[in-house]
Amino acid sequence: MISQELQRPPTAESQPERGRAVYPDRHSPTPGGHRVRLMGVDLDVVTESGAVDRVVREAEAGRGGQVVTVNLDILRRCVKDPAFREKVDRAELVVADGMPLVWACRVQGTPLPERVAGSSMVSSLGKRLGERGLSLFLLGGEPGAAEGAAAKLREDTPGLRVVGTHCPPMGFEEDTAKWEAVKRAVMEADGGRGPDVIYVALGCPKQERVIERLRRELPEELTRRAWWLGVGISLGFLSGQVRRAPGWMQKCGLEWAHRLMQEPKRLVRRYFVDGPPFALRLFGSAMCRAMKGGRGSSGGPRGE
């Protein structure tokens with residue numbers, strides 16, 4: 001168990017600069033690549049395999065980070081909420097997880113190589129972690145999802161070290177004791193060393209807020225080297241609690257329809273009220289940029 005003197009108090013919200021000091025390289029661009037800017041959000045120009053390579057390479061070098069997989073709904077949140085966009089902007093790796101984003105980048109003249117879906121990356125990254133002997137921790141999801149996902153990942157990659165799972169109750173982030181339990185679960189994993197990679201399945205924007213707070217409050221020995229990936233419903237897909245859309249629907253940008261059929265009450269507003277107007281705005285913006293010469297490129301650090 002990690003000693004108590006290494007733990008930080010649960011008051012990091014009042015210390016916003018501490019996390020930034022811990023991660024001086026958080027804005028370094030994808031090695032050998034560049035970024036494109038879509039409605040003010042910088043997206044790394046990278047394939048799924050390239051993203052996995054980046055995470056594994058940096059983890060093996062002892063350099064941590066965060067991956068944000070931006071779909072249409074997350075992009076809408078970024079445009080609507082500048083504070084949330086700053087959280088996304090501070091991530092070390094930001095990828096386009098949505099065909100509308102891939103299409104819009106193509107329209108504005110700054111094409112991306114492919115969609116990098118978080119729901120696929122959880123498996124491909126898990127495989128590479130197993131091959132390289134790196135450890136994985138699963139946080140969140142519905143009850144039983146993390147355990148089921150861990151079993152599936154181990155089945156697909158014998159030798160993968162899933163060093164812990166934790167499904168916190170609703171409202172845990174507002175309860176000091178429950179929050180501390182989450183921190184202990186992560187810190188004490190792998191014999192007190194902590195995991196190399198953490199999948200956080202709490203849905204957007206909660207998972208991004210939780211990741212940011214944990215990176216501030218956990219010991220620097222862990223946060224400097226660990227990678228965090230917000231995975232939304234992905235543990236449910238892996239565990240079989242939720243069925244993922246078939247491949248042809250994913251490629252055609254129709255995965256949302258499959259999700260809607262399974263969870264209509266929760267997703268109807270996202271896909272029929274919030275989504276269509278923003279999609280029109282997105283493609284309108286992309287066409288305007290195309291007419292101006294495709295000035296959507298951003299080769300430098302995020303936030304420039």
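The values are calculated or read from the model by the stated rules, or taken from the named source; none is laboratory data. Keep in mind it's a predicted model, so treat the numbers as computed, not measured. These area figures cover heavy atoms from the full protein model, side chains too; ligands, DNA and RNA do not enter into them. Shrake-Rupley method; radii C 1.70, N 1.55, O 1.52, S 1.80 Å.
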Rounded to whole angstrom, the alpha-carbon centroid of the stretch 113-157 lies from that of the stretch 224-286 at a distance of 18 Å
Taking 0.36 nm per residue of separation between Ala83 and Ala181 and subtracting their Cα-Cα distance, the length gained on full extension comes to 32.6 nm
Can you work out the accessible area per residue across the stretch 108-155, with the rest of the protein chains kept in place, probe 1.4 Å, in square angstrom? 38 Å²
Beyond 24 Å between alpha-carbons counts as too far, so tell me which of Lys87/Lys127; Lys178/Lys265; Lys178/Lys206; Lys80/Lys206; Lys152/Lys178; Lys206/Lys265 fall in that bin. Lys87/Lys127; Lys178/Lys265; Lys152/Lys178
Tell me, rounded to the nearest percent, the portion of alpha carbon pairs in the stretch 184-275 spaced more than 22 Å apart. 43 percent
Each residue of the stretch 211-219 in turn: what ³J(HN,Hα) in whole Hz from Karplus with 6.51, -1.76, 1.60 and θ = phi - 60°, glycine and Pro shown as x? 4, 4, 5, 5, 5, 7, 8, 6, x
Please list 3J(HN,Hα) in residue order for the stretch 146-161, calculated via the Karplus relation 6.51 cos²θ - 1.76 cosθ + 1.60 where θ = phi - 60°; whole Hz, with x for glycine and proline. 5, 5, x, 5, 4, 5, 5, 5, 5, 5, 6, 9, x, x, 4, 9
Find the eigenvalues of the gyration tensor of the Cα atoms of the stretch 106-148, then list the square roots of 5 times those eigenvalues as equivalent ellipsoid semi-axes, largest first, in whole angstrom. 29, 16, 7
